[in-house]
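The structure under discussion appears below in the form of structure tokens.
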Amino acid sequence: MIDYIKGNLAELTPAFIVIENGGIGYFVSISLSTFTKLEGKKECRILIHEVIREDAHQLFGFADKEERDIFRLLISVSGVGAATARMMLSSLTHEEIEKAILGSDVNTLKSIKGIGLKSAQRIIVDLKDKLGKQSGTGEIFAFTDNTKREEALSALVMLGFGKSAVLKVLDRIIREEKNLTVEDIIKRALKSL
């Protein structure tokens, strides 16, 4: 399996590149965000995801690991193929897709060509837990396993507030300011609830 190809950019378009390595030109499908990162470069190192089917052997390329990781998660969802995942990554950045999934933002996902209501809901249901458990994939996950968040949640639920409402408020507070004490988090949440 090919992990990456390093070589000269023989051709660069918003949909694909041809990267030459060892006298061979590899046709690699890319997203618009990868295209933007490669513009103006003569040489590059592109991360690869291979799709090998009976009738085709396709290479999908990514400028960074995070984009390839979200692509692989997306294609693990039933009904989301490589072309759809590439379309999603051309419409939104990988950070925006992750944020939409974690925030159960169906409308953002539905705004992508080829993604309907059922597909958006399936993506959220299938990937929300997987993304939440990953660590180090971006700032939006910084509070996922936070003990302060859990303590504040527990205290506010015991005070009679609904869990889902509390979670939304806590996530917003922690996203805005990361170094708060549990007491400060609870005080701010009480003002918002």
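The values are calculated or read from the model by the stated rules, or taken from the named source; none is laboratory data. The structure displayed is predicted, hence computed values, not measured ones. Positions of Cβ are backbone-derived with ideal geometry, glycine not excepted, and every protein chain shown enters the neighbour counts.
Worth a mention:
- For the stretch 174-193, the candidate set comprises residues that are in contact with an Asp or Glu (Cβ under 9 Å, 6 or more places away or on another chain) and in a helix (DSSP H, G or I); within that set, the residue that is nearest to residue 150 (Cα to Cα) is 182.
- Positions within the stretch 78-109 being farther than 26 Å from residue 17 by Cβ, buried (at least 16 other Cβ atoms within 10 Å of the Cβ) and not hydroxyl-bearing (Ser, Thr, Tyr), in sequence order: 99, 100, 101, 102, 105, 106, 109
- Number of the condition not met by residue 130 [criteria: (1) over 21 Å from residue 97 (Cα atoms); (2) modelled with pLDDT of 75 or more]: (1)
- Hey, residue 34 without any contact (Cβ under 8 Å) to a residue 24 or more places away in the chain and either hydroxyl-bearing (Ser, Thr, Tyr) or at positive phi (or both) or not: no
- Check on residue 66, within 28 Å of residue 53 (Cβ to Cβ) and either at pLDDT 90 or above or not assigned by TED's automatic domain parsing to the domain that holds residue 38 (or both): yes
- Flag for residue 64 being acidic (Asp, Glu), farther than 20 Å from residue 12 by Cα and surrounded by fewer than 22 Cβ atoms within 10 Å (Cβ to Cβ): no
- Of all residues in the stretch 110-122, those being surrounded by fewer than 17 Cβ atoms within 10 Å (Cβ to Cβ) and assigned to a loop (DSSP other than H, G, I, E, B) number 4.
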